[in-house]
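Notes for the one structure printed next.
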Amino acid sequence: MTDYLTEKLEKAGLTLQEYQELCLRLLNYGVLCRDESHIEQQLYDRYIRIAELIDEYLFIIGIQVFHEKRFAYVRLYPPGSRVPGMEDATGNSFTSGLRARLKQDEVAFLLVLRQQYDKGLREGQIDDDGFVTESIESIGIAMRNLLGRRLPEKMTDRKRVFERLRKLRLIKYHQEEDLNTGEAGLKIHPMIVAFVTDDALAALDESLPSDFQDEDEDVS
């Protein structure tokens, strides 16, 4: 097995250590997003060169790989998860690599982000990289309208939610910005569509007041 792997890696111009580094990074983080940092750009480009070898190893241990080439990211799904494009798989709506345990306020925030992303998509407010940018103020308003909840009032709790979703590569923001102001913007990553399933979104829609649903449909 090692000889086979080494031979394949040599043809790709990579070492066993570089292969191991990539596997460990994916298993530790569960996601690889090319535009996140210089390091992730290098690792993503490395994955492209040896995707078959990485996928074969992860398949053996029951992990499925979702590769979105358009937006240049890779996400892992543990056994039993619902993977985009694989209707026969079953699992939870909020499954990241590997098995994210999200707090209630993080789940609520995710639902609203998916709604806001879809709204931005319908209104053509999407940039060349597939991101939709929303101000914290508009997200807070949407959260009150959709779920009857508010963003965490304590700055430590708010930063914890934002940082958690940033680590999942679902949002981007300038860390030096004052996240307590409504003007600060969050960029919602297109992978939110794969992370928060249509079923979860449909369940949210069913729970909305009819007048809000009608208003949302008029906007689109």
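The values are calculated or read from the model by the stated rules, or taken from the named source; none is laboratory data. Computed from a predicted model, the values in this text were never measured in an experiment. Glycine gets a Cβ as well: all are built from the backbone with ideal geometry, and neighbour counts include every protein chain shown. Areas reflect the complete protein model, heavy atoms only, side chains present, ligands, DNA and RNA absent. Shrake-Rupley method; radii C 1.70, N 1.55, O 1.52, S 1.80 Å.
Using heavy atoms of the protein chains and a probe of 1.4 Å, the accessible area assigned to LYS8 is about 80 Å².
With every protein chain left in place, what is the accessible area per residue of region 8-76 in square angstrom, probe 1.4 Å? Could you put the intermediate results ahead of the total?
Details: 3830 Å² over 69 residues.
In whole numbers, region 8-76 has 55 Å² accessible per residue.
Here the label points at ASP129 and ASP199, each 7 Å from Cα along the C-beta direction, are separated by 3.2 nm in the simple model.
With the whole protein complex present, THR156 retains an accessible surface near 100 Å², based on a 1.4 Å probe. The alpha carbon centroids of region 1-28 and region 49-73 are separated by 13 Å.
Look at the alpha carbon pairs under 8 Å that are at least 6 residues apart: their mean separation over the length of region 107-161 gives a relative contact order of 31 percent. Surface calculation, 1.4 Å probe, protein heavy atoms: VAL65 sits at approximately 40 Å² accessible. Legend: residues PHE66, PHE59, PHE131, sorted from most to least accessible area (1.4 Å probe; ligands, DNA and RNA excluded), read PHE59, PHE66, PHE131.
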